[in-house]
Amino acid sequence: MSERKAIRPYHHPAGGWGALKALSARLIEQGIPVKGAVTLGCMNQPEGFDCPGCAWPDPKHTSSFEFCENGAKAVAWETTAKRCTPEFFADHTVTELSGWTDYQLEMVGRLTHPMAYDAATDRYLPVSWSKAFSIIGRHLKVLPDPNMAEFYTSGRTSNEAAFLYQLFVREYGTNNFPDCSNMCHEATSVGLPQSIGVGKGTVVLEDFDKADCIFTFGQNPGTNSPRMMTNLRDASRRGASIISFNPFRERALERFQAPQSPVEMATLGSTRISSQLYQVRVGGDVAVIKGIMKVLLEEDGTARANGEQAILDWEFIQAHTVGLDALAADLKATQWCDIEQCSGLSRKDIEHAAHVYMRAERAIIVYGMGITQHRRGAQNVQQLANLALLRGHIGREGAGLCPVRGHSNVQGDRTVGITEAPAHDFLDRLEARFGFRPPRAHGHNVVTALEAMIRGEVKVFIAMGGNFAAAIPDWQLTQQAIRNLDLTVHVSTKLNRSHLVHGRDALILPCLGRTEVDVQSSGRQSITVEDSMSMVHASAGRNQPASEHLLSEPAIVAGMAGSTLGQRSVVDWAGFVEDYDRIRDAIEDVIPIFQAYNARIRVPGGFHLNPSARERIWATATGKANFLVFDGLGEDPNDDHPETLWLSTIRSHDQYNTTLYSLSDRYRGVYGQRDIVFLNQHEMEKRGLDEGDRVDLVTVSTDGIERRVRNLRVVGYSFPNGCCAAYYPETNPLVPLYAHDPISYTPSSKGVPVRIERPAASDAPPAAGHP
Ligand SMILES: Nc1nc2c(c(=O)[nH]1)N[C@H]1C(S)=C(S)[C@@H](COP(=O)(O)OP(=O)(O)OC[C@H]3O[C@@H](n4cnc5c(=O)[nH]c(N)nc54)[C@H](O)[C@@H]3O)O[C@H]1N2
Ligand SMILES: Nc1nc2c(c(=O)[nH]1)N[C@H]1C(S)=C(S)[C@@H](COP(=O)(O)OP(=O)(O)OC[C@H]3O[C@@H](n4cnc5c(=O)[nH]c(N)nc54)[C@H](O)[C@@H]3O)O[C@H]1N2
Ligand SMILES: [Mo]
């Protein structure tokens, strides 16, 4: 599939006919025009499967066909007719495959057999499941310390598989749980509890029907959570104000044509989404938020002095919060000139946004990776919480904080125990239920796991899904560290880069996907997931498995546990795999919020794990919601240099994280290419660059190591001064491992200081890992 290279501005609204056309091309490409369409009919239905795309909730999972182009692409990608078989592996050495692009690797199709790396032939060879499990057991049993193994999870894993996984790993003896969320919404999971006592959002879908204002920061719903567009569209049509802050004028934040609306489709009509879209500088959000809060405080002072109605919700502030004085002092000391310089926006714009916010009775604050993936991401999140608290927008209908999670079950995995820093009461209940003593010492997250690998302290890496080697920062250092491991294991559905960046021994274990029937000895099984708004519901696939040799993720965990722990295990692994109801009963025993788990998931739509902050119960150290101060305005502190540009590494419309569906990015008008850097005219002129020139990006590193991605094509674009953008994962080599949030350890993928250099020679090789 190669679209011709072009840069051609996209003037249509997001969604609509463009989305339908793009989807049918993807279905045909996967060889499944009919099966794909039938499968899609079962998605997000009461008896069907949960969309494996994003974590945006569905209206009670009871709706009729909810169309979403990118959810449909995720399904097409899983239900593809293509297969990655032992014959394929026999035909290609790992060295040869390493030269393939990420796009070519995943296009081979679904994995069909367990495979083990054979160094003598440099190939993956078929291996039986029992042999594969015994290899894992052998490696894990000889480690002198269980903390020498790392157990990664990617957020597509179900609650059932994730619970068994953490049970196995904790019985084995470690809390080393690097998780995809460490690179994603960890800033939310760690930052929000300090503010409001819970690391999750506080809104439900119905709140979107009641809000009269919605602020979005650093989130691209038209691409990454397209079902959210229905909610934004409805809000806009009701007259709610939508104010967006994004360095890009993302098409879907401007206009949207709803594929569900026969009228809009037939008349080629569309709906305006954002009433204002402000092109904030990369890393400039905290300046914006502080500016808005500064206006609120000043106008509140004036209003009250004049005997008018207060702007702040004083009743709420007095009853429910602490720390406003310190916040007010910080805002007072923050100068408008600094706010303007840092945000790239004028005082007038920020005042306008503040006035919209002030007038709203009910406001929702939505945010994504543009907020979390900074060196002070957790503190960014806390400033958004401050903004909500000032007007009492938490625990009120139609109002609240809405972090938009990524993977479809990334939130659920955390809820059932995938964390390197487990709470004591969780471990106590695990011990009481199962009768072994789980380790208490905190384990590794993604960053600390990689640091330990680089130091040579890790021997075994096991991944429950995902594409770790491509998703992580600083490839030069980190991929080399992975290659030095004794064993790497990947439970996967498709071939990817992580299978090629492997340890001395390496296994690929193919599993069932979410669209497929999972039959165990007690019959057909369903699994459960939790969406971004804490709704838990069941999901059951209907398609025949891609191969008869696939196992379910719970069965694979049980297999690993059996061969590693053997007789010493106190867990009935086989019993859990026979009937997933038993896993859910165990989850309920250990995590009380899941009471009546099995009964409640049988109700259409599932149930809500109500976050305490929604009830204005604050599980913080102070027992109140805390206003927290962000010192200064720099989200990504570094040795600033006049030449430095702040690089944001972003997703295209046609990728799912490390999976590329095509090389195009339709809404941004980019076709057939990904080796580009978006730069504005001013920054181009400053450097004597023209559209189409080839440049290298070089990180302004503080550790003396050169980090360079070569030969990117300059694309002139409407973008703020002082920053640029390029695609993830190709630019991951530029993100230094040390450049992470010290609180949440989130890598600063949206704030990398870089400089631009002309390539040394015209024949420089293309960017690393690039198609
Ligand atoms: N189709 C599809 N769906 C997905 C995914 C996918 O790759 N493809 N990934 C899933 C996952 S795991 C996640 S976490 C989510 C990610 O979804 P998003 O949170 O939307 O992630 P990104 O696309 O990386 O970046 C979001 C937006 O932030 C803007 N941005 C960049 N830097 C800044 C900044 O400093 N400030 C502000 N205000 N904005 C900034 C970018 O222009 C972009 O519009 O989506 C999930 N859903
Ligand atoms: N520079 C930069 N780096 C980033 C980001 C960024 O914005 N910029 N974003 C970060 C974010 S938000 C995230 S979440 C991570 C994503 O990191 P990961 O979650 O590790 O990566 P994915 O690309 O989502 O993983 C794709 C692979 O998952 C496997 N898979 C798919 N479905 C299933 C399934 O049902 N079961 C199993 N077992 N495997 C399955 C397939 O083999 C596929 O190749 O990347 C992070 N890295
Ligand atoms: Mo994510």
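We did not get these values from a lab; they are worked out from the coordinates using the rules stated. A quick note: this is a predicted structure, and the numbers were derived from the prediction, not measured. Positions of Cβ are backbone-derived with ideal geometry, glycine not excepted, and every protein chain shown enters the neighbour counts.
Among rounded, prolate and oblate, which fits the stretch 109-174 when a ≥ b ≥ c are the square roots of the eigenvalues of its C-alpha gyration tensor, a/c under 1.5 means rounded, and a/b larger than b/c means prolate?
Oblate shape, in that a/c is at least 1.5 and b/c is the bigger or equal ratio.
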Output for the stretch 81-199 (equivalent-ellipsoid semi-axes, sqrt of 5λ from the C-alpha gyration tensor, Å, descending) is 33, 21, 14
Report, to one decimal in Å, the Kirkwood hydrodynamic radius for the stretch 147-292 based on all distinct Cα pairs. 18.3 Å
Any chance you could get the radius of gyration and Dmax over the Cα atoms of the stretch 492-545, in Å? 15.2, 42
Loop GluC sites (Glu not before Pro), the stretch 199-299 (other Cβ atoms within 10 Å of the site Cβ: 14 or fewer; DSSP): GLU206
For the chain, give the share of DSSP beta bridges that are antiparallel, in percent and rounded to the nearest 5; count only bridges with both residues there. 40 percent
Residue (of LEU679, VAL754, TYR656) at the positive-pole extreme of the stretch 641-757, dipole from beta-carbon charges: TYR656
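Considering only DSSP beta bridges with both partners in the stretch 653-717, what is the antiparallel share in %, to the nearest 5?
65 percent
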Return, for the Cα atoms of the chain, the radius of gyration and Dmax in Å, separated by a comma. 25.1, 84
Nearest 500 deg cm²/dmol is fine: what mean residue ellipticity at 222 nm does the chain get from its DSSP H runs of n ≥ 4 alone, each adding -39,500 (n - 2.57), divided by its residue count? -10000 deg cm²/dmol
Distance cut-off 18 Å, percentage of C-alpha pairs in the stretch 641-757 lying past it: 50 percent
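If I require 27 Å or longer along the helix axis, counting alpha carbons, and a Kyte-Doolittle average no lower than -0.5, what helices from the chain are left? Use full DSSP H segments.
Helices meeting the criterion: 285-305.
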Quick one: compute the contact order of the chain, relative version, from alpha carbon pairs under 8 angstrom and 6+ residues apart, as a percent. 22 percent
When the Cα centres of the stretch 19-33 and the stretch 295-339 are compared, how far apart do they sit, in Å? 53 Å
Relative pair counts by distance (%), Cα atoms of the stretch 198-407, 10 Å bins: 8, 35, 37, 15, 4, 0
Beyond 27 Å between alpha-carbons counts as too far, so tell me which of LYS73/LYS210; LYS73/LYS459; LYS73/LYS290; LYS21/LYS494 fall in that bin. LYS73/LYS210; LYS73/LYS459; LYS73/LYS290
Sorted on mean Cβ neighbours within 10 Å (highest first), peptides 338-349, 522-533 come out as 522-533, 338-349
Computed about the Cα centre, the charge dipole of the chain from +1 Lys/Arg and -1 Asp/Glu charges at the Cβ has a magnitude in debye, to the nearest 20, of 980 debye
Whole-angstrom gap from the stretch 529-547 to the stretch 197-263, using each part's C-alpha centre: 24 Å
Taking just the alpha-carbon atoms of the stretch 566-655, what radius of gyration and Dmax come out, in angstrom? 23.6, 63
When only DSSP loop residues count, what trypsin sites (Lys or Arg not before Pro) in the stretch 480-509 have their Cβ near at most 14 other Cβ atoms within 10 Å? ARG504
